[in-house]
Amino acid sequence: MWSRRRFLETASSVPVVAGIAAAGPSAAEAARRGSADYFRDLGVRPFINAAGTYTAMTASLMPQQVLDAIQYAARHYVMLDELHDKVGQRIASLLHCEAAMVTCGAASALTLGTAAVLTGKDPQKIVDLPNLAGMKSEAIIQKSHRFGYDHAVRNCGVTLVEVETADDVNRAVSEKTALMVFYNNNNSLGQIRDEEFVALGKKHGIPTFNDAAADVPPVDNLWKYTKMGFDLVTFSGGKGIRGPQSSGMLLGRKDLIEAARLNAPPNGNTVGRGMKVNKEEMLGLLVALELFLEKDHARERLEYDKRAETIRAAAVTVPGVTAEVFVPEVANNVPHIRVGWAGADDAKATAAVKAMKDGEPSIGIRSEGNVLVLGVWMMKPGEDKVVARRLREVLASPGIKA
């Protein structure tokens, strides 16, 4: 495929870092010497990611082919709308949906998709948002599906109407109802599961929007929900797909994707004007997606299982420690390790996270209450052994051990 070839132009580009008030050479000076270590010069310490694809931990690392595509795009001018068109068409073809667009993350897609439903292609409505005069103004969402990113929907001025049952939906629907929002991660928590949710939307003629940001792997999720009947679906581009972290995809109905594009850059005076996606991100995400689709996921899963067992086995060598490998049902559907120990409490777990971060090398893990949770899929090859050794040391250290 065109995106799998290695681009001929591979000289590195030099980012500009301004306003640095720190000891050591400037970024530009270091680059000229061929010895740039930007993070060190800024006083920022890299770490081994033994947590997962969390935005605060800068999510995933891009494969070399993606970096090549980004560098290629950085050397050419193109018309942004033309590239948007062509990349969107390629993504839609790959993912078996009517239409697609690249967004600056899944949260951006939530805003743009909501805007699309509200405004359609009406230029005045696009300018008016978030003033909803003359537009529908409510979005139905299950109470159990309220989540930290639903503000992205509310950016467009809509009010979220909470429901719990199908009967609640039937009663909540009115002439004000614009769309129905579904948080895929909480599918098992709500009383209305995904297929019934779609059916309710079809019954009332209301578009349904599924936020599945972190829900690949498995790979077939990328077309499962549009084929199920959701009118719009979003995925993050910088998590399991390993594209640019500030990228995402909005998939779904052709008319809604066209309306979302009108609410997005390079168009001015829109609710999405600040949600710019550059040519580098578009091309980088496309290449990352093609690599992800071609990957041997079964083989990769075996590697993840091996890493998880290495860490689990090391942890339980410490007296009083218990550890298990588990796979989340939906988001981040890959092996993780849950670690507990006799006498553990929230404070000790937090201290263990800090000890891992402050040690050498620095390792990022997370805690949930009085247990530690580690993810293995964002590690580089061989880092599982380093994490296993450091975790064993921390668990056996004073102040942490039982």
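The values are calculated or read from the model by the stated rules, or taken from the named source; none is laboratory data. What you are looking at is a predicted structure, and each value in this text was computed from that prediction instead of being measured. Backbone-built Cβ (ideal geometry, glycine too); neighbour counts: all protein chains shown.
Residues are listed down the side, and each one gets a yes or a no for (1) without any contact (Cβ under 8 Å) to a residue 60 or more places away in the chain; (2) out of contact with any Ser or Thr (no Cβ under 6 Å at 6 or more places or on another chain); (3) not aromatic (Phe, Trp, Tyr):
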residue: 216; (1), (2), (3): no, yes, yes
residue: 220; (1), (2), (3): yes, yes, yes
residue: 239; (1), (2), (3): no, no, yes
residue: 251; (1), (2), (3): no, no, yes
residue: 274; (1), (2), (3): yes, yes, yes
residue: 282; (1), (2), (3): no, yes, yes
residue: 292; (1), (2), (3): no, yes, no
residue: 302; (1), (2), (3): yes, yes, yes
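Conditions tested, residue by residue: (1) in contact (Cβ under 8 Å) with a residue 60 or more places away in the chain; (2) surrounded by fewer than 17 Cβ atoms within 10 Å (Cβ to Cβ); (3) within 30 Å of residue 103 (Cβ to Cβ).
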site	(1), (2), (3)
286	yes, no, yes
299	no, yes, no
339	no, no, no
343	no, yes, no
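Here are some conditions: (1) touching a helix residue (DSSP H, G or I) at 6+ places or on another chain (Cβ under 9 Å); (2) under 28 Å from residue 60 (Cα atoms); (3) outside any helix (DSSP H, G or I). Residue 188 meets all but one. Which one does it not meet?
The number of the failed condition is (1).
Name the residues in the stretch 44-67 that are closer than 19 Å to residue 366 by Cα and either in contact with a helix residue (DSSP H, G or I) (Cβ under 8 Å, 6 or more places away or on another chain) or not in a loop (DSSP other than H, G, I, E, B) (or both), would you?
45, 46, 47, 48, 49, 50, 51, 55, 56, 57
In this structure, does residue 358 turn out to be of a type in the set (Asp, Glu) and either under 29 Å from residue 217 (Cβ atoms) or touching a residue at least 12 places away in the same chain (Cβ under 8 Å) (or both)? Explain how you work it out, then say what you get.
On the way: of a type in the set (Asp, Glu): yes; either under 29 Å from residue 217 (Cβ atoms) or touching a residue at least 12 places away in the same chain (Cβ under 8 Å) (or both): no.
Judged against the criteria, residue 358 is not a match.
What single numbered condition from (1) buried (at least 23 other Cβ atoms within 10 Å of the Cβ); (2) without any contact (Cβ under 8 Å) to a residue 60 or more places away in the chain; (3) outside any helix (DSSP H, G or I) fails to hold for residue 197?
(3)
Given (1) touching a strand residue (DSSP E or B) at 6+ places or on another chain (Cβ under 8 Å); (2) under 21 Å from residue 61 (Cα atoms); (3) surrounded by fewer than 17 Cβ atoms within 10 Å (Cβ to Cβ); (4) not aromatic (Phe, Trp, Tyr), where does residue 282 come up short, assuming only one miss?
It is condition (3) that residue 282 fails.
Of all the residues that make up the stretch 75-107, how many are at negative phi, out of contact with any Leu (no Cβ under 8 Å at 6 or more places or on another chain) and surrounded by 15 or more Cβ atoms within 10 Å (Cβ to Cβ)?
Going through the stretch 75-107, the residues at negative phi turn out to be 75-95, 97-104, 106-107.
In the following step, the residues that additionally are out of contact with any Leu (no Cβ under 8 Å at 6 or more places or on another chain) were identified as 75-82, 84-86, 88-89, 93, 98, 104, 106-107.
Still in the running and surrounded by 15 or more Cβ atoms within 10 Å (Cβ to Cβ): 80, 84, 88, 104, 106-107.
Number satisfying all stated conditions: 6.
Tell me, which residue of the stretch 84-142 that is among the β-branched types (Val, Ile, Thr) and closer than 26 Å to residue 60 by Cβ is farthest from the chain's Cα centre (by Cα)? Full working, then the answer.
Step one: filter the stretch 84-142 for residues among the β-branched types (Val, Ile, Thr), giving 87, 91, 102-103, 111, 114, 117, 119, 126-127, 140-141.
Going one step further and asking which of them are closer than 26 Å to residue 60 by Cβ, we end up with 87, 91, 102-103, 111.
On the way: 87: 19, 91: 17, 102: 13, 103: 11, 111: 15 Å.
Applying the filter and picking the extreme gives 87.
Residue 335 versus (1) out of contact with any Asp or Glu (no Cβ under 8 Å at 6 or more places or on another chain); (2) touching a residue at least 40 places away in the same chain (Cβ under 8 Å): which is the lone unmet condition?
Looking at each condition in turn, residue 335 falls short on (1).
Out of the residues in the stretch 18-43 that are at pLDDT 85 or above and assigned to a helix (DSSP H, G or I), state the one that is farthest from the chain's Cα centre (by Cα).
Among them, the one singled out is 41.
Need at least 2 residues that are among the small types (Gly, Ala, Ser) and either surrounded by fewer than 24 Cβ atoms within 10 Å (Cβ to Cβ) or touching a strand residue (DSSP E or B) at 6+ places or on another chain (Cβ under 7 Å) (or both) per element, so show me which strands (runs of 3 or more DSSP E) inside the stretch 208-269 make the cut, counting only ones lying wholly within it.
It comes to 248-252.
Name the single residue that is nearest to the chain's Cα centre (by Cα) among those in the stretch 321-364 being charged (D, E, K, R) and assigned to a helix (DSSP H, G or I).
Of the residues in the stretch 321-364, the ones charged (D, E, K, R) are 324, 329, 338, 345-346, 348, 354, 357-358, 360.
Filter again for assigned to a helix (DSSP H, G or I), leaving 346, 348, 354, 357-358.
Numbers: 346: 27, 348: 30, 354: 25, 357: 23, 358: 26 Å.
Among those that are charged (D, E, K, R) and assigned to a helix (DSSP H, G or I), it is 357.
Restricting attention to the stretch 143-176, which residues are buried (at least 17 other Cβ atoms within 10 Å of the Cβ) and in contact with a Ser or Thr (Cβ under 9 Å, 6 or more places away or on another chain)?
Correct list: 152, 153, 155, 156, 157, 158, 161.
Conditions tested, residue by residue: (1) over 23 Å from residue 258 (Cα atoms); (2) in the same structural domain as residue 198 (by TED's automatic domain parsing); (3) part of a helix (DSSP H, G or I).
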position	(1), (2), (3)
110	no, yes, yes
117	no, yes, yes
124	no, yes, yes
135	no, yes, no
144	yes, yes, yes
162	yes, yes, no
178	no, yes, no
